[in-house]
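One structure below.
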Amino acid sequence: MPPASYGPLDALNDPSARHAILTHFPVVLSIGVLLLTIASAAMKGANRTLRTTALVASVLLLISALVAVRSGDAAEAAVGNIPQVARDLVHEHEEQAERVWLFALAIVLAVATGWAKPRRAPLLSSIAAAVVALVSVGWIGQTAHHGGTLVYVYGVGTPKPLADADLRSDEEKAAGFADVRIAHFVTKVQPLLDEHCQGCHGGEDPPANLDLTSITSILEGGDTGPAVIPGKPNEGVLMRALSYEDEEIAMPPDEKLSDDAITAIAAWIRDGAVWTE
Ligand code: HEC
């Protein structure tokens, strides 16, 4: 059975999502390190606890940067066919990301020199660390921005529409529809509505005023309201009826549809409830 929804735990098995989660650590840590080093510089490096905390945080930043880059390599390997502009941006993002650990290392070294002999070492080291930390935040922010553009503008690494992923049968692929969602509707959903629903929910005076023979009438719905809300398989009375959870409306009345059939209809709604005559 293909997954009916994409939950938080699925993200751990998905290289792109795992990368998206792990990259938050260097982003947050770099800001933390910046605040700590500024505070330390403001106190002229006199506060040992602050300097120690900054050292620990910058070591963590270094580790998290290396981990994020590794997860990025895995995500890149899993990226399928993407447009050239997006591929170029992936490379730019990668090159920037590969330098983050150098910044982190520079901060670690700068903070560490605070323990050197000369009297002014703590002050100078705190100032140097704050400056490098500031540059790092800018660099990491730019890297993260490119990563975000890849996800939100180009959809790199985002889950494919269900109809495209697991539900697409060989039959659908062979049918050669330009749009997988239309293919899914024509080969999977339309036959189910035809065989199990339209015999009753069609014609002059359909039950509950629900006509299931056109998308217009499906969206309008019947006595209880819209049967389908495109993009939202968990809302709308049609899925409620199919689930058999509500005794008042359990459809089709004689026998519940198979899980596969219900998932196919849910995927169709989730992918926008496209329709063709
Ligand atoms: C044998 C006839 C029959 C078939 C087949 C049938 N229905 Fe119904 N449907 C009804 C009747 C009658 C009602 C009115 C409520 C009731 O009596 O349960 C209804 C009500 C509904 C409602 C509630 C509408 C509202 O706004 O209150 C939905 C949704 C619905 N059906 C969907 C379906 C779907 C989807 C299918 C196919 C999977 C289907 N029905 C198959 C007879 C049928």
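Looking only at the stretch 19-30, residues that are touching a residue at least 24 places away in the same chain (Cβ under 8 Å) and surrounded by fewer than 17 Cβ atoms within 10 Å (Cβ to Cβ) come to 1 in all. The set of residues in the stretch 174-215 that are within 15 Å of the ligand (Cβ to nearest atom), outside any loop (DSSP other than H, G, I, E, B) and of a type in the set (S, T, N, Q) comprises Gln190, Asn209. Just to be sure, is Val228 more than 13 Å from the ligand (Cβ to nearest atom) and either in contact with a helix residue (DSSP H, G or I) (Cβ under 7 Å, 6 or more places away or on another chain) or of a type in the set (D, E, K, R) (or both)? Against the criterion (more than 13 Å from the ligand (Cβ to nearest atom) and either in contact with a helix residue (DSSP H, G or I) (Cβ under 7 Å, 6 or more places away or on another chain) or of a type in the set (D, E, K, R) (or both)), Val228 does not qualify.
Looking at the stretch 234-255, is at least one residue crowded, with 19+ Cβ neighbours inside 10 Å, modelled with pLDDT under 95 and over 30 Å from the mean Cα position of the chain (by Cα)? Checked the stretch 234-255: at least one residue is crowded, with 19+ Cβ neighbours inside 10 Å, modelled with pLDDT under 95 and over 30 Å from the mean Cα position of the chain (by Cα).
Considering the stretch 14-43 alone, what residues qualify as being of a type outside the set (Ser, Thr, Tyr), in a helix (DSSP H, G or I) and more than 26 Å from Gly148 (Cβ to Cβ)? Those that are of a type outside the set (Ser, Thr, Tyr), in a helix (DSSP H, G or I) and more than 26 Å from Gly148 (Cβ to Cβ): Ala39, Ala41, Ala42.
The condition (being assigned to a loop (DSSP other than H, G, I, E, B), touching a residue at least 24 places away in the same chain (Cβ under 8 Å) and touching a Pro at 6+ places or on another chain (Cβ under 9 Å)) is satisfied by just one residue among Ala46, Ala75: Ala46.
Every listed requirement among (1) more than 10 Å from the ligand (Cβ to nearest atom); (2) free of Cβ contacts under 8 Å to residues at least 12 places away in the same chain; (3) among the acidic types (Asp, Glu) is met by Asp260 save one, (2).
For the stretch 231-252, the set of residues classified as more than 6 Å from the ligand (Cβ to nearest atom), more than 17 Å from Ser217 (Cβ to Cβ) and in a loop (DSSP other than H, G, I, E, B) consists of Gly231, Lys232, Pro233, Asn234, Glu235, Tyr244, Glu245, Asp246, Glu247, Glu248, Ala250, listed by residue number. Screening Ala129 on (1) under 20 Å from Ile140 (Cα atoms); (2) in a loop (DSSP other than H, G, I, E, B) shows it passes everything except condition (2).
The values are calculated or read from the model by the stated rules, or taken from the named source; none is laboratory data. Given the structure is predicted, the values throughout are model-derived calculations rather than measurements. Cβ coordinates were reconstructed from backbone atoms using ideal geometry, including for glycine residues, and neighbour counts include every protein chain displayed.
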